[in-house]
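> First the structure, then my questions, so here it is.
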Amino acid sequence: MEVPALTDDALIAAAVAGRNEAFGTLVERYERAVYHLAFRTLRDTEEAKDAAQEAFFKAYRALRTFRPGAKFSTWIFTITYHACCDRLARRKRYSNDELPDRADPGAGPAELAERTDTAVRLRAAIDDLPEKYRAVVTLFHLQGRQYEEIAAVLDLPMGTVKTHLFRAKELLRKALSDVVAEQGTP
Amino acid sequence: MTDDQIERALFALPLEEPPADLHARILAATIHRPRLMFRAWEVWVIGTLVAVMVWLGYLVFSLPQASDRLARALAASLDQFGLQLGSGLALWILLGISTAVWISLISLPQSRRRATDH
């Protein structure tokens, strides 16, 4: 018989009571989604790793303050998103000479050739979206989050979330149509 | 591409695998992070006590004939309570020994975080 998985609330209670392995299970459960959100927002593997680590560290330290009944996923995504925003703001403060934008080096010939594959093209198109649209698309389409949760994570009204999603899809459609048209051109 | 195709392509897009070392890095920064010997408030309390003791010591030894005056003040207060140093010495020694034994028997409560480590 399969043992039912513990809920997030039960794991948090156990972690607060000093059972470290319970927090380890929470990490296992959310690290992929957290890393993915960070990676899509920052577009840099190393920075995404740092942001994901920072998010879990902050969550671990503040675990006692977690409000029972709230969703852990919303909480950890909010911390992650704020960590990413801080990093983006820091990145903007430095001049290009001091800190080159490693995240967006531009597509080389090899990468352009790779973009023939739909998934690869779509990923590249998502990466090219403005940051505010990227986060919404990541949470809604790629992670299957609800509008309410996305609104809470990004601290936006729900209407704005829906508008961002609509505009993001428009931009993606345009970007993908452009690629198709370029490929069709001799 | 139509809206529907975009939607379907987006929902079908798999999440990238996180880097292999991410899990270990997160655990190292959280549950496997070495504990500090003292908590922040403990450091503040100990630091304040040490600072006060240093300050008192400085006061005592920086004043002219401070140690003489301190000894005289102590003797005067003892006289006032009718406890001459000579006759009350045994009582004071007894009091000192019993206090030392009492302090050695006190078991201070362990901080909760360290108590739940194992």
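The values are calculated or read from the model by the stated rules, or taken from the named source; none is laboratory data. Keep in mind that what you see is a predicted model, and the values were worked out from it rather than measured. Cβ sites come from the backbone with ideal geometry, for glycine too, and all protein chains shown count toward neighbours. For the accessible areas, the whole protein counts, side chains as well, though only heavy atoms, and no ligand, DNA or RNA atoms are used. Shrake-Rupley method; radii C 1.70, N 1.55, O 1.52, S 1.80 Å.
> Work out the FRET efficiency for residue B:43 and residue A:90 from their Cβ-Cβ distance, taking R0 = 45 Å, and round it to the nearest 0.05.
Approximately 0.90, to the nearest 0.05.
> Now for a different question. Rounded to the nearest 0.05, what FRET efficiency do residue B:7 and residue A:16 have when you use their Cβ-Cβ distance and R0 = 41 Å?
Plugging the Cβ-Cβ distance into 1/(1 + (r/R0)^6) gives 0.55.
> By how many nm would the segment from residue B:78 to residue B:60 grow when fully extended, if each residue of separation counts as 0.36 nm and the alpha-carbon distance is taken off?
Values: separation 18, 0.36 × 18 = 6.48 nm, distance 1.97 nm.
Fully extending the segment from residue B:78 to residue B:60 adds 4.5 nm.
> Once fully extended, how much extra length lies between residue B:70 and residue B:23, figured as 0.36 nm per residue of separation less the alpha-carbon to alpha-carbon distance?
On the way: separation 47, 0.36 × 47 = 16.92 nm, distance 6.27 nm.
Roughly 10.6 nm would be gained on extension.
> Counting only protein chains, not ligands or nucleic acids, how are B:74, B:59, A:129 ordered by accessible area (probe 1.4 Å), most first?
B:74, B:59, A:129
> Using a 1.4 angstrom probe and counting only protein chains, how large is the accessible area of residue B:58 in Å², to 10?
Looks like 150 Å² after rounding.
> Identify all lysines with a Cα-Cα distance to residue A:169 below 22 Å; exclude those on the same chain that are fewer than 8 residues away in sequence.
Output for residue A:169: A:132.
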